[in-house]
Amino acid sequence: MADPDGLERLWAPYRMAYVREAGNDEGCPFCAMVAGERQTDLIVVRGEHCFVAMNLYPYNPGHLMVLPNRHESGLTELSLEESTELTLLTQQAIRAIGEVSSPHGFNVGLNLGSSAGGSISQHLHQHVVPRWGGDANFMTVVGRTKALPQTIAESAELLRGAWERTA
């Protein structure tokens, strides 16, 4: 039986450590990636001011994030160099994903602030999500379950190879 708000609940207590760490600079998972302290296997490419990483909780296979190396929450606070590289890496991500998986389209965007849906709003990150016709099928709509046909590690490996050819 659904709760009065009509939503089913998916209990995921393993995410609490991730959520707690997102609340402070020292615990930022993206800063830990930049420092090489954890989840470096998610990094696809590093630039001078920004980097590209796989999303740990992807909407679709190949879901990437483009992030500044510097811990910054606001788009307007990025330097010209950071903004430029963020855009260039986003363009390269679209080309690499296009070569690897031929999506029908993309969602590209920022969630600025926690009220806008940003789960880790303290460190700016731009999502690049490949989309296909039918990728939100009956399982997603009716069953509220997303089937991902490729592991994050497999996606990362394919994208690293494509990056060299498409950059």
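Taken together, the values in this text are just the output of simple stated rules run on the coordinates, not laboratory data. In this text the structure is predicted, and so the values were computed from the model without any measurement. We place every Cβ from the backbone using ideal geometry, glycine too, and count neighbours over all the protein chains shown.
What relative contact order, as a whole-number percentage, does the stretch 40-167 give when Cα pairs under 8 Å and 6 or more residues apart are counted?
After rounding, I find 32 percent.
Distance in nm between label sites at His104 and Leu80, each 7 Å beyond Cα in the beta-carbon direction?
So the two model labels end up 4.2 nm from each other.
List every residue whose amide H lies under 5 Å from the amide H of Val45, counting only residues 5 or more places away in sequence or on a different chain, with H placed 1.01 Å from N in the peptide plane.
Val52
For the stretch 48-82 and the stretch 103-130, what is the separation of their Cα centres, given in Å?
9 Å
Suppose R0 equals 35 Å; then what is the FRET efficiency for Arg70 and Ala136 from their Cβ-Cβ distance, rounded to the nearest 0.05?
E(calc), rounded to 0.05, equals 0.50.
In whole Å, largest first, what are the principal axis extents of the Cα atoms in the stretch 66-137?
36, 27, 14
Between Arg46 and Thr151, with labels modelled 7 Å along Cα→Cβ, what's the label distance in nm to one decimal, could you check?
2.4 nm
List, in order, the whole-Hz ³J(HN,Hα) value for each residue of the stretch 51-63 obtained from phi through the Karplus relation with A = 6.51, B = -1.76, C = 1.60 and θ = phi - 60°; use x for Gly and Pro.
Per residue, the Karplus-derived 3J(HN,Hα) values read 9, 10, 9, 5, 7, 5, 10, x, 7, 9, x, x, 5 Hz.
Within the stretch 37-81, which GluC sites (Glu not before Pro) sit in a loop by DSSP and count at most 11 neighbouring Cβ atoms inside 10 Å?
Glu37, Glu48
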